[in-house]
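Below is one structure, written out as structure tokens; the observations come after it.
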Amino acid sequence: MESLLYRINRRRLLETINVSSSIGASENGGLSRLALSEEDKTMRDIFVEWLHQEKLDVRIDDFGNIYGRRKGKRNDGPTIAVGSHLDTQPCGGRYDGVLGVLAALEVIRVLNENNIETEFPIEIINFTNEEGARFGPPMLGSGGVTENFTKNFIYNIKDSNDITFKQALKSIGYMGEIENRLSNVKNFIELHIEQGSILEKNNTSIGIVEGIQGMSWLIVKVTGETNHAGPTPMENRKDALLATSKMIGRVNDLTKEFDGLKTTVGTLNVKPNITNVIPGEVEFIIDIRHPSNETRANAIESLKEQLSTIALMNDVEITITTDWTSDAVEFSQVVTESIREASEKWGYSSLNMYSGPGHDAKYISQVAESGMIFVPSCKGISHNEQELTVDDDIEKGANVLLTVINNLANGTN
Ligand SMILES: [Zn+2]
């Protein structure tokens, strides 16, 4: 069949998003719908109801991930999975992962109302706790089903009120069965807002996501000598903060040496942090990202050398330890090509890009050929009540999703 004969119902999709925007609505037009909260339960209940209305086979797994399965001609064949997450940050936005789940639902509605049969079954998924705002780390639902985290680890994570993930999952009635986990998936597609401003700056509607940047967090501890600000001569000081300020400049300059590198220092812990005392110790964390694991590793090596030199020249000690690393992900070329073709067919502008933040597709890409479609975020704002993706872009993203899902589910791509 020619999928371009079908398009998503813009009004229906926007109305569906509006319903979601009313559940956990925050004062300034955003959403506070933390994972496994009462608001999350309300949203889940409505979502499950919508899945039933589309006559999908609904199941819940032991992490609370929700699946709605639409049969294919080859119903024992591999699945085409599509989805994202319905939870948000506190005072988060209305679109984030919500758009990916509800656009997927709209795709199912279009397929159903046009009686379109696909070769392979299609599964729409809402992953639990993508945000990691209530239970850290993020992406627990997708990370759980792909065994990046053990069940024991996930179940015992506590929120700030000492409620475990397991207790919260039980209390909202979404603890399902291990047998219901995602399995035998051919492809996974996630539509998501960009959360950056590349698409907007390029006046482009569709981001073809080639992968997710890898990142490392490096903890840097600089040790000097605490002393009195008055009597200590300038030339005899071991000022840990002064040395740190030079280091932070260096961290920023590193991005000129390595194309595509992003570095950030977002925390600074100064001791003793007193106005008339020379800082004796500073700890800061460097966030460093690049689409290539090799380039990131080379950049880190170079940075370590450069920071050690600064320490030596400023008469302070330095230790650098890696706190956390997340390797880069390359998405499937079959999927990125399918997204490119679909954008072209629709006549939408597109560009290839990498994702800065992590997404559920990161983990699912370990078990299925995966890919992501990005739509523009106004001013690049996300995780914020002001988060906005305009209706035209929502429609375009969902149309591309429809074509991609249909093609993949028919083995055309
Ligand atoms: Zn998200």
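The values are calculated or read from the model by the stated rules, or taken from the named source; none is laboratory data. Small disclaimer: the values here were computed from a predicted structure and weren't measured. In this analysis, Cβ positions are derived from the backbone assuming ideal geometry, glycine residues included, and neighbour counts consider all displayed protein chains.
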Which numbered condition Leu307 fails, given (1) among the aliphatic types (A, V, I, L, M); (2) crowded, with 16+ Cβ neighbours inside 10 Å; (3) more than 16 Å from the ligand (Cβ to nearest atom); (4) under 30 Å from Asn203 (Cβ atoms): (4)
Answer yes if at least one residue in the range 128-141 is assigned by TED's automatic domain parsing to the domain that holds Gly356, among the small types (Gly, Ala, Ser) and part of a helix (DSSP H, G or I), and no otherwise. yes
Which numbered condition Asn28 misses (of (1) polar (S, T, N, Q); (2) surrounded by 15 or more Cβ atoms within 10 Å (Cβ to Cβ); (3) touching a residue at least 24 places away in the same chain (Cβ under 8 Å)): (2)
If you check Ala361 against the conditions, is it out of contact with any Leu (no Cβ under 8 Å at 6 or more places or on another chain), in contact (Cβ under 8 Å) with a residue 40 or more places away in the chain and outside the structural domain of Ser205 (by TED's automatic domain parsing)? no
Would you confirm, using the coordinates I've provided, whether Ile364 is buried (at least 24 other Cβ atoms within 10 Å of the Cβ) and touching an Asp or Glu at 6+ places or on another chain (Cβ under 9 Å)? yes
Looking only at the range 98-111, decide whether some residue is assigned to a loop (DSSP other than H, G, I, E, B) and within 16 Å of the ligand (Cβ to nearest atom). no
Can you tell me how many residues in the range 265-295 are surrounded by 14 or more Cβ atoms within 10 Å (Cβ to Cβ) and without any contact (Cβ under 8 Å) to a residue 24 or more places away in the chain? 1
As an exercise: evaluate Met247 against (1) outside the structural domain of Asn314 (by TED's automatic domain parsing); (2) crowded, with 17+ Cβ neighbours inside 10 Å and give the number of the one condition it does not meet. (1)
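Residues are listed down the side, and each one gets a yes or a no for (1) touching a residue at least 60 places away in the same chain (Cβ under 8 Å); (2) within 22 Å of Ile178 (Cβ to Cβ):
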{"residue": "Arg10", "(1), (2)": "yes, no"}
{"residue": "Ile60", "(1), (2)": "yes, yes"}
{"residue": "Gly68", "(1), (2)": "no, yes"}
{"residue": "Val82", "(1), (2)": "yes, no"}
{"residue": "Arg94", "(1), (2)": "yes, no"}
{"residue": "Val98", "(1), (2)": "yes, no"}
{"residue": "Val101", "(1), (2)": "no, no"}
{"residue": "Ile108", "(1), (2)": "no, no"}
Look at His290 and say whether it is outside the structural domain of Thr322 (by TED's automatic domain parsing) and within 22 Å of the chain's Cα centre (by Cα). no
Of Lys271, Lys201, Lys221, Lys186, the only residue that is in the same structural domain as Val375 (by TED's automatic domain parsing) and either of a type in the set (Val, Ile, Thr) or touching a strand residue (DSSP E or B) at 6+ places or on another chain (Cβ under 9 Å) (or both) is Lys186
What do you reckon, is Ile373 within 16 Å of the ligand (Cβ to nearest atom) and surrounded by fewer than 20 Cβ atoms within 10 Å (Cβ to Cβ)? no
Based on this model, can you work out whether Arg33 counts as in contact with a Ser or Thr (Cβ under 6 Å, 6 or more places away or on another chain), buried (at least 22 other Cβ atoms within 10 Å of the Cβ) and among the charged types (D, E, K, R)? yes
Among strands (runs of 3 or more DSSP E) entirely inside the range 149-260, those with 1 or more residues being over 30 Å from Val82 (Cβ atoms) are 214-223
